[in-house]
Amino acid sequence: MRAEIDKSITEDAYNLVSSDRNSDYGHPLDDFSKTAKFWSVILDTEVTAAQVALCLSLVKYSRELNKPKRDNIVDAIGYLLTYDAVIHSE
């Protein structure tokens with residue numbers, strides 16, 4: 001077990017969510033609001049953009065439990081960063 005946090009993981013996550021993603025997919029609030037509408041229909045309950053971001057991060061936790069990979073951690077942090085962007089935009 002490492003005694004210190006690998007700063008490059010958080011930097012990689014930040015770089016992923018602050019780069020071309022907005023030009024490709026729009027702001028996380030817009031992108032996840034669309035996804036929330038789809039999920040709301042399938043789940044027959046209202047889903048918010050913030051919940052989408054949290055659920056997507058949970059997918060990465062599940063994958064990490066199955067097969068640990070650095071990418072899972074980077075993506076989970078990235079989804080939490082997009083969650084932060086969503087809740088501060090709503």
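Every read-out reported here was derived from the displayed coordinates using simple, explicitly stated rules and does not represent laboratory data. Please read all numbers here as calculations on a predicted model, not as lab measurements. For neighbour counting, all protein chains shown are included, and Cβ atoms are generated from backbone atoms with ideal geometry for every residue, glycine included.
Treating each Cα of the chain as an identical point scatterer and summing with the Debye formula, the log10 of I(q)/I(0) at q = 0.18, 0.19 Å⁻¹ comes to -0.83, -0.90. Within 13 Å, Cβ to Cβ, of Ser89, how many net charges do the neighbouring residues add up to if Lys/Arg are +1 and Asp/Glu are -1? Charge balance near Ser89 sits at -4.
Axis angle, to the nearest 10 degrees, between helix 49-66 and the longest C-alpha principal axis of the chain: 40 degrees. Mind checking the angle between helix 28-43 and the chain's longest principal axis? C-alpha axes, 0 to 90 degrees, to the nearest 10. Taking Cα atoms only, the helix is inclined about 70 degrees. Among residues other than Asn72 whose Cβ falls under 11 Å from its Cβ, what is the net charge (Lys/Arg +1, Asp/Glu -1)? For residues surrounding Asn72, the net value is +2. Taking Tyr25, Tyr79, Tyr61 as the candidate residues, the one with maximal mean-square fluctuation in a Gaussian network model of the chain, Cα springs under 10 Å, is Tyr25.
A Gaussian network model of the chain, with springs between Cα atoms under 10 Å, assigns the largest mean-square fluctuation among Lys34, Lys60, Lys69 to Lys69. Legend: calculated FRET efficiency, Asp24 to Glu4, from the Cβ-Cβ distance at R0 = 41 Å, rounded to 0.05, equals 0.80. Charged neighbours of Leu58, selected by a Cβ distance under 13 Å, balance to 0 (K, R count +1; D, E count -1). Could you work out how far helix 7-17 tilts from the main Cα principal axis of the chain, as a 0 to 90 degree angle to the nearest 10? With both axes taken from Cα atoms, the answer is about 30 degrees.
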